[in-house]
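Have a look at the structure below, then the notes.
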Amino acid sequence: MALGTTEPLLLQPPEQRRRPPDWLAWGLPAAVLILLLLSASGPLRPPLFRVPPPETVPLTLLAGAQEKGAVCLDGTPPGYHLQRGSGDGSNRWLIHLEGGGWCSTIKDCSNRRMYALGSSNFMKPMRFAGAGILGSDQLQNPDFYNWNKVFVRYCDGASFSGDAEGRAQDGSTLHFRGLRIYQAVIDELMEKGLANATQALLTGCSAGGLATILHCDDFSARFSLNVSVKCLADAGFFLDVKDISGKRSFWSVYDGVVHLQNVREVLPKDCLTNKEPTECFFPAELIKSIRTPMFILNSAYDSWQIRNVLVPVSSAPDKPWSSCKDNIRNCSSTQIKVLDGFRNTMVGAFKVVEYKEDWGLFIDSCFTHCQSLYGISWNSEISPRLGNKSIAEAAGDWYHGRSQGEKEIDCEYPCNPTCSGQLPP
């Protein structure tokens, strides 16, 4: 493993990183965001403030991974990046679960072993500079800037939830051990100070956002009742809807993940008594059982879901639909109505949250995906705003209890003028 080189930013452009092809890299951002992150942080700083060079956050491989059976798809030990807190953040912890799609077939999971999403052989040190909720700039990230921050790498292909083995076409073993990875990493972090936390926040983006929803109550149960433990799921509210061809193509993907990787153990028992395991893997069902306070951050016009759930390649979109899913500004009024239907399904699923007083919502109408990891989305001059608050302001007020009823759902596209075209695509 080459530890001598460093990934330039937390979210690295795909062409500079060995990535899986096509949908295996779902949920990962485009290269142009690097420039956006750097430019977004500038206007928030005092003009004479000298920006220090970003610190490298080394990769820590899980100790005793093989003995614990907590390994990546290829059998290598999983890893995480730990940046220690300071000052009044020394006993406060933020754990972020990485996203990066799923693998639902033997072939797809075999392919992931050739990239960081399936093997720690390809993981490198990182920098958290400009990375939104993981950033250390007090102006951009006032509520979490000096916390202990952990970025847990994703290398199992099932949102840290599977527990099984498979046989690849070449005869080698495929290790579906996401659940063991999650458990073992949290155990190791508890030994490194997490057990002494006075405040803790579990977060994740995309497939990591789903993992946050799946593990929220388990994470909370590890602490005493006097510790403030909450969860923030970013862009992880995936919907079970028909695509434009009338097929439940995304259901098929999740169904493959659930059965291939055996995720049943992490699913709510009350859901499993009445529904199929695959249905219980969708957030609309999961949130009904969660007791821990949660903040759901999502776009009701989530760009990744529009491209891969509503208008996937398998639906054989014509040229107008291809243009629409590439950029919502290209959509016709008829297509916007279809997208509005997607939005209305998502909003309807949040009705159960209305009665959860300690929960929060920030559901904007911007055409974007994963907003907590980018300074430009999290807290900048062009961040999306709801209730006259940026995402960072709303999430911070919710976590610290500075205001009541942090539940904001945006109006239909294109009503929100703060939805900038410079946001992550």
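In contact with a Leu (Cβ under 8 Å, 6 or more places away or on another chain), in contact (Cβ under 8 Å) with a residue 12 or more places away in the chain and either part of a helix (DSSP H, G or I) or surrounded by fewer than 22 Cβ atoms within 10 Å (Cβ to Cβ) (or both): is that true of E354 in this structure? Show your work before the answer.
Numbers: in contact with a Leu (Cβ under 8 Å, 6 or more places away or on another chain): no; in contact (Cβ under 8 Å) with a residue 12 or more places away in the chain: yes; either part of a helix (DSSP H, G or I) or surrounded by fewer than 22 Cβ atoms within 10 Å (Cβ to Cβ) (or both): yes.
No, not satisfied.
Looking only at residues in region 159-171 that are in contact with a helix residue (DSSP H, G or I) (Cβ under 8 Å, 6 or more places away or on another chain) and of a type in the set (G, A, S), which one is surrounded by the most Cβ atoms within 10 Å (Cβ to Cβ)? So, considering only residues that are in contact with a helix residue (DSSP H, G or I) (Cβ under 8 Å, 6 or more places away or on another chain) and of a type in the set (G, A, S), the one surrounded by the most Cβ atoms within 10 Å (Cβ to Cβ) is S159. What's the number of the condition I336 fails, among (1) open to solvent by 10 Å² or more (accessible area, probe 1.4 Å); (2) more than 19 Å from S245 (Cβ to Cβ)? Looking at each condition in turn, I336 falls short on (2). Applying the selection to region 242-291, what residues are farther than 24 Å from F176 by Cβ, in contact (Cβ under 8 Å) with a residue 40 or more places away in the chain and surrounded by fewer than 17 Cβ atoms within 10 Å (Cβ to Cβ)? Result: S245, K247, K288, R291. On inspection, F342 does not qualify as closer than 26 Å to F144 by Cβ and of a type outside the set (G, A, S). Screening D156, D137, D187 for residues that are open to solvent by 20 Å² or more (accessible area, probe 1.4 Å) and part of a loop (DSSP other than H, G, I, E, B) leaves exactly one candidate, D137.
Out of all the residues in region 254-265, is one or more more than 23 Å from T203 (Cβ to Cβ), among the β-branched types (V, I, T) and out of contact with any helix residue (DSSP H, G or I) (no Cβ under 8 Å at 6 or more places or on another chain)? First the steps, then the outcome.
In the first step, residues of region 254-265 are kept if they are more than 23 Å from T203 (Cβ to Cβ); the result is 255-256, 258-260, 262, 264.
Filter once more, so that each one left must be among the β-branched types (V, I, T): 258.
Filter once more, so that each one left must be out of contact with any helix residue (DSSP H, G or I) (no Cβ under 8 Å at 6 or more places or on another chain): none.
The answer is no, given that none of the residues of region 254-265 is more than 23 Å from T203 (Cβ to Cβ), among the β-branched types (V, I, T) and out of contact with any helix residue (DSSP H, G or I) (no Cβ under 8 Å at 6 or more places or on another chain).
Of the helices (runs of 4 or more DSSP H) that lie entirely inside region 218-291, those containing 1 or more residues that are under 20 Å from the mean Cα position of the chain (by Cα) span 249-261, 277-280, 283-286. Of all residues in region 196-217, those satisfying the criterion of being surrounded by fewer than 21 Cβ atoms within 10 Å (Cβ to Cβ) and in a helix (DSSP H, G or I) are N196, D217. In region 394-419, the residues that are closer than 13 Å to V347 by Cα never reach a residue that is open to solvent by 60 Å² or more (accessible area, probe 1.4 Å) and part of a loop (DSSP other than H, G, I, E, B) with C-beta atoms less than 8 angstrom apart, at least six apart or across chains. Counting the residues of region 377-419 that are surrounded by fewer than 16 Cβ atoms within 10 Å (Cβ to Cβ), hydrophobic (A, V, I, L, M, F, W, C) and more than 23 Å from R329 (Cα to Cα) gives 0. Residues in region 98-116 that are in contact with a Cys (Cβ under 8 Å, 6 or more places away or on another chain), of a type outside the set (D, E, K, R) and over 13 Å from L174 (Cα atoms): G99, A116. Within region 305-333, residues that are under 20 Å from C415 (Cα atoms) reach partners that are open to solvent by less than 10 Å² (accessible area, probe 1.4 Å) and hydroxyl-bearing (S, T, Y) with beta carbons closer than 8 Å, at six or more positions or on different chains, in the pairs I328/Y301; I328/S303. Please go through region 362-376 and pick out each residue that is open to solvent by less than 10 Å² (accessible area, probe 1.4 Å) and not β-branched (V, I, T). Answer for region 362-376, where residues must be open to solvent by less than 10 Å² (accessible area, probe 1.4 Å) and not β-branched (V, I, T): F362, D364, S365, C366, C370, Q371, S372, L373, Y374, G375.
Which count do you get for residues in region 299-321 that are within 22 Å of D240 (Cβ to Cβ), assigned to a helix (DSSP H, G or I), open to solvent by 30 Å² or more (accessible area, probe 1.4 Å) and not aliphatic (A, V, I, L, M)? Step through it out loud before you land on a result.
We begin by selecting, within region 299-321, every residue within 22 Å of D240 (Cβ to Cβ); these are 299-317, 321.
Now restrict to residues that are assigned to a helix (DSSP H, G or I): 303-310, 313-315, 321.
Pick out the ones that are also open to solvent by 30 Å² or more (accessible area, probe 1.4 Å) and you get 307-308, 313-314, 321.
Applying the additional criterion that residues be not aliphatic (A, V, I, L, M) yields 307-308, 314, 321.
The total comes to 4.
Annotation: C324 fulfils all but one of (1) in contact with a Ser or Thr (Cβ under 8 Å, 6 or more places away or on another chain); (2) assigned to a helix (DSSP H, G or I); (3) open to solvent by 10 Å² or more (accessible area, probe 1.4 Å); the unmet one is (3).
Would you pick out the residues in region 75-97 that are of a type outside the set (A, V, I, L, M) and open to solvent by 10 Å² or more (accessible area, probe 1.4 Å)? Explain how you work it out, then say what you get.
Our first condition is that a residue be of a type outside the set (A, V, I, L, M); within region 75-97, this holds for 75-81, 83-93, 96.
G75, T76, P77, Q83, R84, G85, S86, G87, D88, S90, N91, R92 - these are the residues of region 75-97 that are of a type outside the set (A, V, I, L, M) and open to solvent by 10 Å² or more (accessible area, probe 1.4 Å).
Scanning region 99-124 for residues that are open to solvent by less than 10 Å² (accessible area, probe 1.4 Å), part of a loop (DSSP other than H, G, I, E, B) and either aromatic (F, W, Y) or within 15 Å of T60 (Cα to Cα) (or both) turns up W102, A116, S119, M123.
The values are calculated or read from the model by the stated rules, or taken from the named source; none is laboratory data. If you're wondering where the values come from, they're calculated on a predicted model, not measured in any experiment. No Cβ is skipped: glycine too gets one built from the backbone with ideal geometry, and neighbour counts run over all protein chains shown. Only protein heavy atoms, including side chains, enter the accessible area calculation; ligands, DNA and RNA are left aside. Shrake-Rupley method; radii C 1.70, N 1.55, O 1.52, S 1.80 Å.
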